[in-house]
Amino acid sequence: MPQIGRNERVRVSLTLDGKKVSGLAEPRMLLSDFLRQQLSAGAVHVGCEHGVCGACTIRVDGRAVRSCLMFAVQAQGCDIETAAGLAGEDGELDALQKAFRKNHALQCGYCTPGILMSVTSFLDSNPDAGEDELKDMLGGHLCRCTGYVGIMRAVLEYAAARRA
Amino acid sequence: MKPKPFDYVRAETLDEALDALARHGADARILAGGQSQVAMLNFRLIETEVLIDITRIEALDYIRIENGALEIGAATRQSDLKDWPGLAEKVPMLHAALPFIGHVQTRNRGTVCGSIAHSDPSSELPLCLAVLEGEVVLRSKRAERTLKAADFQLEMLTTARAPDEMITAVRFPLGDASAGHAFDEMNRRRGDFAIVSLAAVARQDSVRLGVGGVAGTPKVRNWSELRTGDIDEALNAFAWELGGHDDIHGTARYRRELVRRLGRQVIEEARSCRR
Amino acid sequence: MLSASARFTDDMPLRAGTLHAAVLRSPHAHAEIVSIDTTAAEAREGVVAVLTGADVKDVTTPFLIVVKEPMDQWCLAVDRVRFTGEAVAVVVAQDRYIAEDAVDDIAVVYKPLPAVISPLDAAKDGAPLVHEAVGRNVVSVREFTYGDPDRAFAEADHHVDLTIDYPRNSQTPLEGYVVVADYNRQDGVYDILSNFQGPFTVHPVMARALCVPGSRLRMRTAPFSGGGFGVKQAIFPYVVMCAVAARKVGRPVKWVEDRLEHLTAAIAAPNRVVRVEAAATKDGRVTALRYDQLDDYGAYLRPPMPGPLYRQHGVMTGPYDIPNMAITNRLVMTNKTPSGMVRGFGGPQSFYALERVMHRVAEVAGLDRLEVIRKNLVPADAFPYRACGGALLDSGNYQKAVDIAVGKGKLAALMKRRDAARKEGRLYGIGMAAVSDPAQSNMGYLSTIQTAEERKKSGHKGGNISFATVNMEPLGAISVTADSIPQGQGHATVLAQIVADQLGVPPDRITVNTEHDTHKDPWSIATGNYSCRFSSATAVACHKAAVEIRAKLARIAAQRLNVKAADIDFADGMVFARNNPGNALKLHRVAGVAHWQPGELPEGMEPGMRATGVWAPPELEPPNDQDQINTSLTYGFVFDFCGVEIDRDTGQVRIDKYVTMHDSGTILNPLLKDGQTYGAFAWGVGCALMEEFVYGPKGEFLSGTFADYLPPTIHEVPEPELYHLETPTTLTPLGAKGGAEGNVMSTPVCLANAVCDALGLENINLPMTPAKISALIHGEEPARPDTSTDKAGAGADRSRALTGQGSHTVPAAPEQVWAALIDADRLAAVIPGCHELELVGENEYRALVTLGVGPVSGRFKARVKLSDMKPPDAVTLSGDLAGPLGASSGSGRVRLTGVAGGTRVDYDYEVEITGRVAAIGGRMLDGAAGVVINQFFRRLTKRIHGADKTGDAGQLPFWRRLARKLGFGG
C-alpha cells in the first residue's frame, strides 16, 4: 500500500499523449499543476481550480475529467491524453481541430483544449450522440469568447464526419 | 488556490483502507471521486492530515442486485451507474436523477457513494437515498453496520459515519412495478447545485415526496392518500414547514414557491408514469 | 493555437530561480490595519520574503488618479483596507503551494470600520467615508446641458421617468492575471512579462509608482492571451507589486491570479444608478433626455477610471436624433472592489437606461414601439450627423437596417407567436433595442470630466494613435508587427489579410507577431486592445504600412519593367505590368533590390523594405468649450429584437428567438466579425439573466466561485439570428467600424424590454434571476397553515445578514444554565471546538476555537463578551471571530425561562460572515450558522446534563460564583 508523507516528493510515471514520462510530485500537488509544471503539458489550462470552468479537462484512461480535481499521485500509471496529442507528428491538425478552425470555434483559445478532450472522449463512448447530448456534454465547459455558436457547429460537423 | 499539505495513502484493498482509517481516525479522510472534496481542499475549506485514496480498490467497483436492492460499491463512478443498462427499469428514480448531477466530466470521476458521504444539502443522490429509503453500508475494522438514510443523514455535510468508518456501498431498493417516479430540480444554470430538488414516488393513492436544498438534509413527506384537489394545500403546508433560507441564488420565499409549484409537477409526473 | 503549442503568459519560460507569489487579502470591506505579524510566515521553509504596505511605501508612490482628490492607492494596503479582497501582504516563496501556506501564517489584526456598499447610501450626508481625507464619497460632479432640455420638457406631451440600478458584472476571462517581474540592478530596469492588454496610458502610471522613467519599465506580452474584455487593463497594481517584490528578493517573481482572487478583487464594471427622463411629443418624437448618473467606482479610482461614465458621453442620445439633453454625472466611492474597464465600457449601463426609456415612451404614448424607434432614429439623409453631445455619426442607414431585420427576422410572425402564446395563458414578451456601437476611443474623452476652464490650463487632449509595421526580407518573407495586443479576436488573421491583399500573396505567407515589447516596438498611450480599437485603428495603420510597401515595390518594378508605377499590379507572388502581365518580376526579386542593390533604387528611395504606418484620425478632437466631445471615431449601429417566455412556476426566462442586426461598416473578415457578435451576445445574455457580483450589507463578498458568479453555458445561450448591412465609414480607408461590443450593450436591455412586455412591468433591474421574476409574478404567498409547526425564520425574507432564532429545553434549573453560561471553564466546554478560553476583562473572553460544519472547519481567534446581563433570565453574547477562512461578528440574546423539566432557552442571533468562507460557501452560510449555534446549545444541554450526574454543578451558590468571577470576593 503506497504511503507518501506530506513533504515527500515521489516519482509519478504515466503515459502522456502516448509517451512514457515521469516527474516529481508531493501528495498535494494537483494533477493540472503537475502536468503543466513538471511535464510541460501546455495544453492543460487552469481556469478556476474548482471544477466548474472545464479548461483543465483531460482524458484519464479514456474518460474526460477535470485535472484540477485530481492529485498527481493519483495518476500513477494512468494513460493521460491532452489536446496536444491530437495533431499529428508533423503538426497537421486532426479532424476535430480542423472543424474548430473552419467554424471559428475559438477566439482566445483558453477553453479549447479542454473542450477537445471532452468531445473526443464523449464521442468515443457515444458515437451516435445527437445534438442534445452533445450540448449536454459541452455544458460542462465555459467559454467567454465565442457564445458557443462556432463550437456547436464544429462539434456537430465532426460528429457527423466520424459517423460517416 | 492550492490545498494544504497532507499524507497520501493509496489503498489497494478494503482491508488496507480500513487499517489506515483505524490508525488515523478523525485525522484521515477518504478520497473517492473527489469532485466536491478536492475543490474544497483547494479552497482550504477542508484540511486533513491523511487522505486515503480508495479509487483503485477494484472490489469496491461494482453495481449488483442483491436482496431486492441495487447495491453500488464505493469506487463506482456516477457515469457507470448512469450508463448501467438496467437502471431505468430497476431504480427509475436514479435513472431520472443522474443526468442532473454536475456534468459528464464530473460524473466520469465522481462516485455514487462519495456524493452520499459528502451529504451536500442540494445533492441529488442523498435525496434519492432519502426518498427511496435506501441504506448505507459502513465498515470499520471493528464491525460492519447498515444505516437507513434517515439515520445516516444528520445535518448539512454531516453524517452518522464514525471517524474510523467508511461507506463501502449504498443500497437503493428496487422500484416496485406499481410505483411511479419523478425527479426534477431548479437551478440557474444546468449542472449547478440545485436551489431546490424534488423526488416523488407515487403509488395507488399515496405519495412520497423528498425535497433537497431547503434544509441541512433532504426532507421527506409521506401522504398515504393525496387527492389531486388536496395537493396544493399539502404542499403549502410542507413548504412552510421546511421554511427555506436565503442565499444569493434564491430567497426562502422562492424556495417555498418551488416546493409548491415544482412539487405539484413531480407528483403529477410520478402519478402519470405509474405502471 | 489549436495545435496546443499556444503560448500564454503562464506557459512562457522562466529564468532559473524564479520565485512564486501569493497574496493575503482583506476579509473586511473596511478596516484599520492595527498590526501585521509576518514572523511565522517568514520562518516557514521555502519562504523568501513577505512584503506588506510598509515595504511598498518605502519604494513606491501612490498611483496617479484622474480626479484631484486625496485617494491614495498603493499596490498593497497601507494602514487601512477599503474592500473585501484588497491585497494586504504578498509572500514570495519557492512555489505557490508554500506561498499559500505562508499566507495563512500571517496574523493581521483589523479594527473593522463601518462600510458603505450601496452607491445611494454612499452619496448621503453622514455616510461612512471611504477616503476620510476627501471628506465625502461623491468625488466628482459635473453637469452638462446641450440644447434647451428644460424648454423641451416644459413643452412635452409626455414625460417619462425611470430609475435604473445597473448591477456589477464582468466578462471574467478564463485566464486570470499573470505577471512575471524581474529587476536588473545594473541598468535599473524593471522587466515585466504580463498579460496586460493596454491602454498604455497606464504605463506612465506604473512607471511613476515605481519611481522610474518610462524607459526603465519594460512591458512585454506573450503571443497569446486567454481573454481580455478590458479586464486585463487592471493588472497594473499587481505589476507594481511583483516589481517591488522582485527588486526586494533579487530574483524574478511570478504571480498567477486564481479564480477566487479574480472574482473577489480583480475588477468589475461600475454599477450605476441612473435616473433617466424623456420628453416626448404625442406622436412619440423624443425631444429631450435628462440623465442623472451615479457611477460607483468601488474603493479606489484606478486609471483610466472613471472612463465608463464618460466613454459614451458624446453619444448618450444613441442612434437617435434628440436635440436636447441634460446630464449630471456623479462619481461615488464605496467599499467594493475598484471598478474598471469591461467590454462595452459604460455602454451597457448607458444604453440600458436609454432603451428602457424609449420602450416606456411608446407605452406611455400608446404607440407601437417599433414606430417610436423608427421615428427617432437619425434620418438616412442626415449623415454626417453631429449628436448634441458631440458625437460625429459619419454614416449609416438606420431605417434600412431596421427594415432588413424586421423583414428577414420575421417580426410579424413573432408577434403572432406571442399572441398565440398569450391566448394559452403563457407569459410571452417581445423586446427591442437600438444602440450605437462606438469604436476607437478619443483619448481625450476623459478630459470632459474637467471644466472647459480646467482643460485650458492642463492642455487639450484628444486623438488616438496607432502603429503597425510591415517588413519584407531579402528573400521575400513578409512579417507584420502591430500595437493591438489581441486577446483572441483574430487580429493576426486580419492583418495578414490586409497585407496579402496589397502585395498579392496568400495570407498564410505572412507572419504576424502581436507580442509587444515597449523597449523595441512602437507604442503610444492608445496602444492596446480596448474600445473596439482594432478595425478602425491598428488595421488602418497596417493598411497604410502595406500601401507604402506596395508603392515602394511598384516604383522599383516600374523602373525594371519600363512602365509607370501606376500601371504595376500584384498577384500570385508576381509584380507585373497591368496591361501586359507577361512583363513581370517575382515579388521577392523586387524586394531583394531594396536590400542588395541600394544603389540601383529609384531616385530618393530609402533602402530596405520596412514601413511603419501611423494612424491618428483628425476627427478625434478634444472636447470643445461647450463640453461637446466626439468620444469615438466610428459609430456602428445595432438593432435587436427578441421573444422570451417566462416559466410561470420557476420564473425562469427562456430566450425563444433573438435577432440582431449590425451595421459595422465594411466587414474585414465575416467569420471573425460574427464570432465577436456571438461572444458579445453571450455576455449580454449573462448580464441580463445571471451575472452579478453580490455583496452583503456589510460589504461581505458573496460571489467567489464560478458556481456563484454565473457565466452562462451553452444551455443558456441560444444562437441569435444575425443580419448585416454594410455602410462603410468615410473616416478610414478600410471603411470598417467597430463591431465587437454592440451586443453587450443591446442584448441586456432588449431582454429586459421583452420581460417587461411579458409581465406588464414598468421597469426591471438586472440580472433577471428566476427568484426575482418569481417575486414579481407570484403575488402574495399562500398563507402559512395554522397546523404547520413554527419554524424559525421561515416567515420573512430576510436581508442577507444571517439571522435566526431557536429554542431548546435544557434539563436543569435556570440558575444552573446561567452558571454554565457565565463560567469561563464551563463556557470553554460548551463552545464548540474551544481550545483555550481566557478571561480578559469583565465578562470578556478571548478564545481559540475550531469551528465548522462537517468537514469544513477552521481555527479562529474569538472574542466573546457577555453584556446586558439579567441573571438568571437573560444575557447578550456578542463577539467576533477571525481566521484564515474569514471573519465573523455577531450577537445573540439568550433568554432562560424555567419550565417543567428544566429551562427553556430561547435565543435569537444576527451574524455577519465575511472573507473566503462567505465568497465560496454562500449557498450554505445560513444553514451553517444555524448548525454551529445548534452545536453550542446541544453541548450546553449535554454539559449541564452530564454535570448534574457527576454532581459538580451547583456546588457553590450561583451568586457567589458570579461574584467571584466578577472579582469582588466570595
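The values are calculated or read from the model by the stated rules, or taken from the named source; none is laboratory data. Everything quoted here is computed from the prediction, not taken from an experiment. All Cβ positions, glycine included, derive from the backbone under ideal geometry; neighbour counts span all protein chains shown. Surface accessibility is based on the protein's heavy atoms, side chains included, excluding ligands, DNA and RNA. Shrake-Rupley method; radii C 1.70, N 1.55, O 1.52, S 1.80 Å.
Summary table
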{"quantity": "Sites A:A160 and B:D83 - FRET efficiency at Förster radius 25 Å, r taken between beta-carbons, to 0.05", "calculated": "0.60"}
{"quantity": "Near-label residues of region A:121-164 by backbone N, under 11 Å of a point 7 Å along Cα→Cβ of A:D79", "calculated": "none"}
{"quantity": "For region A:95-163: Kirkwood Rh in Å [reciprocal of mean 1/r, alpha carbons]", "calculated": "11.7"}
{"quantity": "When the convex hull of its Cα atoms is projected in every direction, mean area for region A:10-85 (nm²)", "calculated": "4.1"}
{"quantity": "Filter on C:K124/C:K698; C:K68/C:K336; C:K232/C:K336; C:K282/C:K423 - keep pairs with C-alpha separation over 26 Å", "calculated": "C:K282/C:K423"}
{"quantity": "Residues of region C:632-657 buried by at least 30 Å² on assembly (accessible area, 1.4 Å probe, chain alone as reference)", "calculated": "C:D649, C:T650, C:Q652"}
{"quantity": "Per residue Cα convex hull volume in Å³ - calculated over region C:802-966", "calculated": "104"}
{"quantity": "Efficiency of FRET between C:V840 and A:R11 - r from beta-carbon atoms, R0 56 angstrom, step 0.05", "calculated": "0.60"}
{"quantity": "Cα-projected label distance for C:Q94 with C:V134, points at 7 Å along beta-carbon direction, nm", "calculated": "4.5"}
{"quantity": "Distance (nanometres) between label positions extended 7 Å along Cα→Cβ at A:Q38 and B:A150", "calculated": "4.9"}
{"quantity": "Whole-number accessible area per residue in Å² for the protein assembly as shown, which is evaluated in the context of all protein chains at 1.4 Å", "calculated": "35"}
{"quantity": "In the C-A interface, the accessible area buried, summed over both sides, Å² (probe 1.4 Å)", "calculated": "3700"}
{"quantity": "nm² value of the averaged projected area, convex hull over the Cα atoms of region C:464-533", "calculated": "5.1"}
{"quantity": "Convex hull per residue volume in Å³, alpha carbons only, for region C:301-432", "calculated": "163"}
{"quantity": "Under 25 Å from B:K4, Cα to Cα: lysines that are on another chain or at least 8 residues apart", "calculated": "C:K254, C:K861"}
{"quantity": "Under the Debye formula (equal points on every Cα, no solvent term), log10 I(q)/I(0) of region B:59-173 at q = 0.14 Å⁻¹", "calculated": "-0.50"}
{"quantity": "C:R560-C:K400 pseudo-label distance in nm [points 7 Å out on the Cα-to-Cβ vector]", "calculated": "4.5"}
{"quantity": "Cleavage-rule hits (trypsin sites (Lys or Arg not before Pro)) in region B:173-272: DSSP loop, at most 13 neighbouring Cβ within 10 angstrom", "calculated": "B:R227"}
{"quantity": "Alpha carbon convex hull of region B:132-275, volume per residue in cubic angstrom", "calculated": "121"}
{"quantity": "Relative contact order (%) - region C:74-150, alpha-carbon pairs under 8 angstrom, separation at least six", "calculated": "15"}
{"quantity": "Estimated FRET transfer efficiency (C:T281, C:E780; beta-carbon r; R0 30 Å; 0.05)", "calculated": "0.15"}
{"quantity": "Quotient of C-alpha Rg and 2.2 N^0.38 Å, computed over region B:7-53", "calculated": "1.11"}
{"quantity": "Partner lysines for C:K737 [C-alpha distance under 22 Å; skip if fewer than 8 residues away on the same chain]", "calculated": "C:K400, C:K544, C:K673"}
{"quantity": "Cleavage-rule hits, trypsin sites (Lys or Arg not before Pro), region C:587-665, DSSP coil, Cβ neighbours within 10 Å at most 15", "calculated": "C:R648"}
{"quantity": "Complex-versus-alone comparison for region A:123-164, residues with a loss of 40 Å² or more in accessible area, probe 1.4 Å", "calculated": "A:K135, A:D136, A:G139, A:L142, A:R144, A:C145, A:G147, A:Y148, A:V149, A:R153"}
{"quantity": "Whole-percent pair-distance distribution, where bins are 10 Å wide, for the alpha carbons of chain B", "calculated": "7, 30, 35, 20, 7, 1"}
{"quantity": "Coarse-grained scattering of region C:252-307 at q = 0.20, 0.23, 0.26, 0.28 Å⁻¹, given as base-10 log I(q)/I(0) from a Debye sum over alpha-carbon atoms", "calculated": "-0.87, -0.97, -1.06, -1.10"}
{"quantity": "Percentage of interatomic Cα-Cα distances in region A:10-136 larger than 19 Å", "calculated": "47"}
{"quantity": "Ratio Rg/Rh [Cα only; Rh per Kirkwood] for chain C", "calculated": "1.04"}
{"quantity": "Residue range of chain A that is longest and free of GluC sites (Glu not before Pro) which are both DSSP loop and sparsely packed (at most 15 other C-beta within 10 Å)", "calculated": "A:9-88"}
{"quantity": "Spread of Cα-to-Cα distances over 10 Å intervals beginning at zero, given as percent, for region C:553-654", "calculated": "12, 23, 13, 13, 17, 10, 8, 4, 0"}
{"quantity": "In the B-C interface, the accessible area buried, summed over both sides, Å² (probe 1.4 Å)", "calculated": "5200"}
{"quantity": "Where only alpha carbons of region C:1-160 are counted, the Rg and the Dmax (Å)", "calculated": "23.0, 76"}
{"quantity": "Bins of 20 Å, starting at 0 and running to the largest distance - Cα pair percent for the protein assembly as shown", "calculated": "10, 36, 37, 14, 2, 0, 0"}
{"quantity": "Orientation-averaged projected area, Cα convex hull of region C:465-615 (nm²)", "calculated": "9.0"}
{"quantity": "Helix-only [θ]222 nm of the protein assembly as shown, DSSP H runs n ≥ 4, -39500 (n - 2.57) each, per residue, nearest 500", "calculated": "-8500 deg cm²/dmol"}
{"quantity": "GluC sites (Glu not before Pro) restricted to DSSP loop in region C:1-75 with at most 11 other C-beta within 10 Å", "calculated": "C:E45"}
{"quantity": "Set of lysines near C:K416 by C-alpha distance (under 22 Å), chain-local residues within fewer than 8 positions excluded", "calculated": "C:K408, C:K657"}
{"quantity": "Normalised contact order of region C:196-332, rounded percent, pairs of Cα under 8 Å and 6 or more residues apart", "calculated": "20"}
